[in-house]
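Here's the structure, in structure tokens; my notes come after.
Just so it is clear, none of the values below were taken in a lab; they were calculated from the coordinates. Since the model is a prediction, treat every value here as computed from it, not as a measurement. Note that we place each Cβ from the backbone using ideal geometry, even for glycine, and neighbour counts take in every protein chain shown.
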Amino acid sequence: MSKNVLILPGDGIGPEIVAQAVRVLDHVNDAFSLNLTHESALVGGSAYDETGSPLPQETLDKAKAADAILLGAVGGPKWDGLDMSVRPEKGLLGLRSNLELFANYRPAILYPQLAEASSLKPEIVAGLDILIVRELTGGIYFGQPRGIRTLENGERQGYNTYVYSESEIRRIAHSAFEAARQRGKRVCSIDKSNVLEVTVLWKEIMEEVAKEYPDVELSHMLVDNAAMQLVKAPKQFDVMVTGNMFGDILSDAAAMLTGSIGMLPSASLNAKGQGMYEPCHGSAPDIAGQGVANPLATILSVAMMLRYSLNEKPAADAIEAAVSNVLDQGLRTGDIASEGCTTVGTQAMGDAVLAALSA
Ligand code: IPM
Ligand code: MG
């Protein structure tokens, strides 16, 4: 039976980078006889423009039925003035919560070829291989009540609620420990337990779950210190597990250690193993439509999708090897450009990955 992939290009550079990733998907589909089909749908600002909703029902239905989802990016200044309930980001958050994609894996791996592109000294980042496991469907992003209210004195007050229930913490803890088992066997849980009760509970549940994984070492770190340690001595980390908002912030910092956020894929999985795959970067409206965006994070997201949701490891390996190969050839998009290398655009980078796959 064929498996179906839903393609959600989204906004900004989304359509450009996804187009290259789809070429790669089509190529491995033929080369490895994967029997995959794919169709596209609207999400984000482009969906709002067409339908009045950043997550049309049709898109949500297709997403629920898909074996895996590939998303580009959402958002842009064009939609900044919209009410919060219909902003492009709500499309993304709605997919995450409706599909219960609670476990977000954000690897930060330094390609040796790109050591020069990191803002940190090569010796600090050489060999870097961190996995951030971010809880994606709870915490302050989704807690109720939330809003902006007017107080009795007439002053307005904005408020959000930071909540985590035991079961939500427990399932993301299992995701992190399972992932650690497949790699360095160390989990560092990030909290703010010196101030926030919700993370006191977080820490307690992490300890409890850790007992089921005696082969994995658990440590704890406060989020402010973790931000500092990430730029001071990032190689101390193996798996970092944290809540939705801390994970959002720390994963951007971790991404930049690797030279460019334009290189990093991510996977968001639910309990059934169904997943949405997307680059860690956003819609980059400043360069949208220019054909210069780096498609590699999206192409690597296809590899993650083949590995984690579609169970097609050889095809995933082939894509990752092809990406490494084009970097070896000295091809770089603007975000990772360096002296002595050839700067190419989005399409040419896609061409190069396809050529490496055919070689
Ligand atoms: C991310 C993004 C999203 C988030 C935005 C676009 C809603 O920053 O995936 O990290 O905050 O989760
Ligand atoms: Mg983010």
Completion exercise
Across all Cα atoms of region 16-60, Rg and the largest Cα-Cα distance (Dmax), in Å, are 13.8, 40
Exercise for the section: Can you spot the lysines whose alpha carbon is less than 17 Å from residue 78's alpha carbon? Ignore those fewer than 8 places along the same chain. Expected result: 90
Problem - Among 327, 352, 157 - extreme Cα towards positive end, dipole of the chain, charges at beta-carbon - result: 157
Practice task
Quick one: what are the phi-derived ³J(HN,Hα) couplings along region 80-97, Karplus 6.51/-1.76/1.60 with θ = phi - 60°, whole Hz, x for glycine and proline?
Solution key: 4, x, 5, 4, 3, 5, 10, 5, x, 4, 5, x, 5, 5, x, 5, 4, 6
Practice task
Kindly rank 209-215, 101-107 from highest to lowest mean number of other beta carbons found within 10 Å of each residue.
Solution key: 101-107, 209-215
Exercise for the section: Give the peptides 269-275, 129-135 in descending order of average Cβ contacts within 10 Å, highest first. Expected result: 129-135, 269-275
Fill in the blank from the handout: For region 129-257, the charge dipole (Cβ of Lys, Arg +1; Cβ of Asp, Glu -1; about the Cα centre) points to a positive end, and the Cα of 137, 254, 193 closest to that extreme belongs to 254
Fill in the blank from the handout: For residue 235, counting only lysines whose alpha-carbon sits under 19 Å away and dropping same-chain residues fewer than eight positions off, the answer is 121, 185
Fill in the blank from the handout: Proxy exposure order for 114, 70 (fewest C-beta within 10 Å first) is 114, 70
Practice task
Treating only the Cβ atoms of Lys and Arg (+1) and Asp and Glu (-1) as charged, compute the dipole magnitude of region 71-142 about its Cα centre; round to the nearest 20 debye.
Solution key: 160
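Using only C-alpha positions, report the orientation-averaged shadow area of the convex hull of region 129-257, nm², one decimal.
8.7
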Fill in the blank from the handout: Scaled by the rule-of-thumb 2.2 N^0.38 Å, the alpha carbon Rg for the chain gives a ratio of 0.98
Handout entry: Ranked by how many other beta carbons lie within 10 Å on average, peptides 46-56, 252-262 from highest
Key = 252-262, 46-56
